[in-house]
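Here the structure is laid out as structure tokens; the discussion comes afterwards.
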Amino acid sequence: MSLPSSRLDHDSPLHREARDWLLLLTSGRATTDDATGFKRWCGLSAEHAQAFAETRLMWENLQVAARHVLQKEQAAKAPAPRRMTRRAFLGGAVAASAALLVARSPLHMWPSLPDALADYRTATGEQRQVALANGVVVEMNTQTAMNVRMAGGRAVGIELLTGEIQLKVPSTLPGSFDVQALQGGIHAASGALCNVRCLDGQVQVTGLDGNVRVEYQGRSELLGQAQQAAYGEQGLGPAVAADTDETVAWRRRVLVFDNRPLSDVIAEINRYRPGRIILTNDVLAARKVHAQVSLNQLGDVASLIHQAFGASVHSLPGGIVLVS
């Protein structure tokens, strides 16, 4: 008989193996042999499959504990910020896994600690609208977290921690409305409409209407309608023409892919569905895709990939799907 989840030993050898598999499969180094090995490991016993599912569930629940601990530390009003100890952070059975919550989840199945404590956050597959008091409207896409910057009792900007937003600035707003993302600045003028995407160390800004200035590392680009610029590790790139229909398709709950590698397609789809589709075939990953996918039909994506490319598809515990 299995123990109730509250009494399970989440640091048992079996659960440590489950975490090791989870990290390996999302490290970017996983091979088809690794995928086969993981499938074999899950099939060793019902306990193996259960351990993997419990590992995922544990991380989802940790964000509640993280909020509680941070609130207690803030209430203590310490003279300087202090790091949470592993014992204070976790308590009991989940102590060995604390460090991973502070960083971003390798599967993006749970939010990092800063994201979990953000002013506004959307879960996987969720979209929401945030209307600020100054007339600024922010449409948040899936897995997005942001903080609102206040001055003089009004919102003057936002910090986009991760994810994607569409920002609408009213023509009545004096000056510009600012978005901070990865040490860069996006300044949307009165009446501007733009899309900002902040993922995997890269920020992409698309002008949809009005003027938007992008600044990063001492350089700047002014974007007009249907223009796009990106910045990240390689610095700030030049303004280029943008396919705005593809950029804002998510607002219609549709994903549009025009001659994109299957690896990019799967990475984007993973942002909207629970669990994770993992592609382990390099040849298949490079195949180009022209498609429109409704966000309401993502449950059929794996079978569609199988039909279109003849790929082998294996469903595993924890919402993991291996495609090879």
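A short reminder: the numbers here are calculations on the coordinates, not readings from a lab. None of the values given here were measured: they were computed from a predicted structure. Glycine gets a Cβ as well: all are built from the backbone with ideal geometry, and neighbour counts include every protein chain shown.
What does the highest-first list of 259-269, 204-214 look like by mean Cβ count within 10 Å?
Working: 259-269: 16.8, 204-214: 22.9.
Packing proxy ranking, top to bottom: 204-214, 259-269.
How fast does region 179-235 diffuse by Stokes-Einstein, in µm²/s, taking the Kirkwood radius from C-alpha pairs at 37 °C and 0.692 mPa s?
Working: Rh = 11.0 Å.
Calculated translational D: 298 µm²/s.
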Region 128-243 - charge dipole about Cα centre, Lys and Arg +1 at Cβ, Asp and Glu -1, debye rounded to 20:
320 debye
Sticking to Cα atoms, compute the Rg of region 128-243 to one decimal and its Dmax as the biggest Cα-Cα distance, whole number, in Å.
12.9, 38
Can you give me the orientation-averaged projected area of the convex hull built on the Cα atoms of region 253-323, in nm²?
4.2 nm²
